Amino acid sequence: MKEDSVNQRKERLRQDLRDPDYREQYATSALIGNVSAQVQALRRQRGLSQEELAKRVGTKQPRISSVENPPDGDKLPNWEVDTLDRIAKGLGTRLKISFETFGSLVEELDAVTTESLRRPEPANDPILFPKPPMPEPDPTAPERTRWMQELMIPWLWEDKLEIDRLLGWLQGSGLPPVGAEEEPYQWLLRGVSVPGPAQDTLEKRLAERLAIILGEQPDVDAPVSGSQHDFLNNLYWTCAGLRQPAFLGEPLWQIYRRVKYTKPPGAIRDALQGALVQNQFGETKPLKEIWEPMIERGRHRWLRGREIVGYEGILVRHLTVKPDLDKVLWALGRISQRWETTGGADRLPEFERLIWKIPGLDQYEVARRLVESARDWAPWARPMVERHRAADGSLDICVRFGGTEYRGDWNPGGLATTSIRRSGSDQVDEQRSGLSGQPRMNLLVNELLTRAGNEQAREARVIHAEVLAYAASSRGAA
Amino acid sequence: MNREVWEFLVGGSRRVISAWLKEENISPQERAKLDFAVNQLRTLDLGLISRKLVAGPLRGTKLYKLRLRCQNRELRPLLCRGPIGPGHDCTLLQGAIEVGDKLRPKDAEERASEHRETLVSRPTWRERY
């Protein structure tokens with residue numbers, strides 16, 4: 001039946017192509033349509049954003065966009081061979097231009113498919129290099145996880161799209177025999193969780209296939225026969241578990257834009273939210289429309305996340321889209337102010353957990369900027385420096401942060417001491433220094449700096465930066 | 001992810017797009033554009049088809065439109081996903097031409113929606129495009 005319909009279509013096209021007007025336009029449309037589709041297919045296969053491809057090619061993102069979405073008209077778009085050649089190389093392929101008969105369009109009728117437009121990258125070109133061995137399932141994984149890996153690894157390694165298999169797994173068919181509490185997305189994520197660098201390759205290939213499903217607008221019409229809600233939940237949570245924004249960011253954003261005026265169940269919105277946090281599209285779109293409102297107002301008009309989700313979104317943006325520590329620190333400041341009326345100091349442990357998520361906090365520069373930005377935080381959240389000079393000249397300086405307290409004491413005639421009381425502990429780790437004589441604040445501050453500088457704990461970095469900032473401001477005041 | 005592209009049969013027998021091609025005196029060039037676009041729908045996933053070519057779903061409906069600029073007019077055949085059988089199949093429901101932001105016939109969207117509803121209750125009223 002299907003073969004009959006293909007033959008009928010071919011026959012009809014053969015007839016139509018005899019008309020010169022028809023065939024010239026059809027050939028032009030085929031040229032434009034196939035080039036734009038293949039650039040998109042290869043970019044998606046490589047996991048490149050339009051910006052990244054533009055960078056490789058030495059052009060701007062709108063140029064790539066105009067190739068992928070050419071202006072519709074009767075004439076060919078203004079594509080230069082040089083540009084197409086550079087795009088081909090940027091995608092790890094070569095540009096081939098050939099002159100063909102119009103009749104060859106009949107043979108191409110069903111030949112240009114999503115699958116046929118894909119090409120391996122040079123390193124995986126089977127003619128140039130031997131195919132790398134297929135990764136083994138994780139021998140230390142539980143038996144059912146290995147079972148899933150034995151299904152998924154050959155499927156992904158072979159690198160045929162076979163989307164129907166994934167659609168089946170997302171609906172729970174063909175998975176290890178499990179109870180109702182095990183969701184299909186958990187098995188899919190376990191299936192690609194193998195030791196070594198192969199995991200990254202498998203995750204990327206899974207992400208490419210998920211991107212194809214997302215591009216089919218499953219929120220409008222799920223390509224499945226079972227429950228659409230269960231399917232979407234598993235689809236979005238699988239995306240949330242991958243963090244592959246180059247593959248998933250754009251199609252997820254398109255879904256968000258489409259569904260934000262509708263009312264799907266909260267669980268689906270939560271799953272989509274999780275996927276959007278991990279797979280962000282562009283530097284500003286989710287930031288302005290989702291993360292900032294969650295932090296500024298403590299809610300979002302459509303998604304159910306609050307400040308913490310907004311902060312996670314900004315943090316992942318900092319890690320995957322655009323390094324932007326200032327925005328992360330801004331978010332912390334706004335959260336400290338919002339929480340002042342809803343618990344304040346009682347929420348300090350929760351607030352500290354947010355702080356410890358900042359990447360690179362063990363580096364002095366990051367800690368310094370944190371301390372600097374903390375000047376705008378609500379008082380309960382700030383790292384604090386307290387100093388006290390008694391009438392007898394004795395000095396006491398105390399810095400608290402993250403539940404940890406650093407203290408320097410120096411009594412006249414005695415030796416200066418520094419002590420640390422760590423978060424959650426009553427024990428004090430005291431060290432006596434070589435400083436003696438009349439107590440002097442700058443020397444005691446230096447002593448505390450040395451002590452914090454020698455500590456490995458992450459709190460020590462922040463306290464070191466705080467004390468240093470304090471010392472600098474004291475010197476400035478003096 | 002090959003999909004079938006179907007065409008609604010008005011009254012169960014008259015091909016809606018073929019009739020429209022005749023009524024509007026669609027030129028060979030215009031038909032070539034339409035045929036290639038339909039073939040792309042058939043063989044590519046939606047993510048690879050230019051968003052300038054397929055728009056939708058149109059607000060408040062389950063309809064999509066093909067956007068084909070041909071010489072001096074804008075063809076806007078309306079279609080939907082399914083609506084029966086595999087969700088990724090498509091059915092062309094109504095031919096339309098856009099003139100100054102308005103479709104001709106004026107009620108093209110309503111007609112397309114009606115055809116879609118009809119097809120749900122009468123699944124045999126379609127043939128492969």
Practice prompt. Please verify whether the range A:221-228 includes one or more residues that are out of contact with any His (no Cβ under 7 Å at 6 or more places or on another chain), in a helix (DSSP H, G or I) and within 13 Å of another protein chain (Cβ to nearest Cβ).
Written response: yes
Worksheet entry | Total residues in the range B:90-125, condition under 20 Å from residue B:34 (Cα atoms) and within 13 Å of chain A (Cβ to nearest Cβ) | 3
Worksheet item: Quick one: in the range B:12-34, which of the residues that are out of contact with any His (no Cβ under 9 Å at 6 or more places or on another chain) and within 29 Å of residue A:222 (Cα to Cα) is surrounded by the most Cβ atoms within 10 Å (Cβ to Cβ)?
Response: B:33
Fill in: Criterion: at pLDDT 95 or above and within 22 Å of residue B:49 (Cα to Cα) - qualifying residue of A:19, A:72, A:85
A:85
Discussion item. Criterion first (touching a residue at least 60 places away in the same chain (Cβ under 8 Å), hydrophobic (A, V, I, L, M, F, W, C) and more than 8 Å from every other protein chain (Cβ to nearest Cβ)) does residue A:27 satisfy it?
Written reply: yes
Worksheet, complete the sentence: Exactly one of A:20, A:71 is within 14 Å of chain B (Cβ to nearest Cβ) and more than 24 Å from residue B:45 (Cβ to Cβ), and that residue is A:20
Practice prompt. Examine the range B:52-60 for a residue that is of a type in the set (Val, Ile, Thr) and within 13 Å of the chain's Cα centre (by Cα), and state whether such a residue exists.
Written response: yes
Worksheet item: Which residue out of A:76, A:91, A:84, A:53 is of a type outside the set (Val, Ile, Thr) and either under 21 Å from the mean Cα position of the chain (by Cα) or within 13 Å of chain B (Cβ to nearest Cβ) (or both)?
Response: A:53
Worksheet item: Inside the range B:76-89, can you point out the residues that are more than 10 Å from chain A (Cβ to nearest Cβ) and either under 19 Å from residue B:110 (Cβ atoms) or under 10 Å from the mean Cα position of the chain (by Cα) (or both)?
Response: B:76, B:77, B:78, B:79
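Return the residues of the range A:241-267 that are among the aromatic types (Phe, Trp, Tyr) and surrounded by 15 or more Cβ atoms within 10 Å (Cβ to Cβ); say none if nothing qualifies.
A:247, A:253, A:256
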Item to complete: Considering (1) on the phi > 0 side of the Ramachandran plot; (2) more than 9 Å from chain A (Cβ to nearest Cβ), say which one residue B:14 fails and leave the rest.
Response: (1)
Discussion item. Can you tell me which residue is farthest from the other protein chains (Cβ to nearest Cβ) among those in the range B:17-60 that are touching a strand residue (DSSP E or B) at 6+ places or on another chain (Cβ under 7 Å) and of a type in the set (Lys, Arg)?
Written reply: B:42
Item to complete: Look at residue A:202 and say whether it is under 18 Å from the mean Cα position of the chain (by Cα), surrounded by 18 or more Cβ atoms within 10 Å (Cβ to Cβ) and within 14 Å of chain B (Cβ to nearest Cβ).
Response: no
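The values are calculated or read from the model by the stated rules, or taken from the named source; none is laboratory data. What you see is a predicted model, and the numbers here were worked out from it, not measured in a lab. Methodologically, a virtual Cβ is constructed for each residue, glycine included, from the backbone with ideal geometry; neighbour enumeration extends over all protein chains shown.
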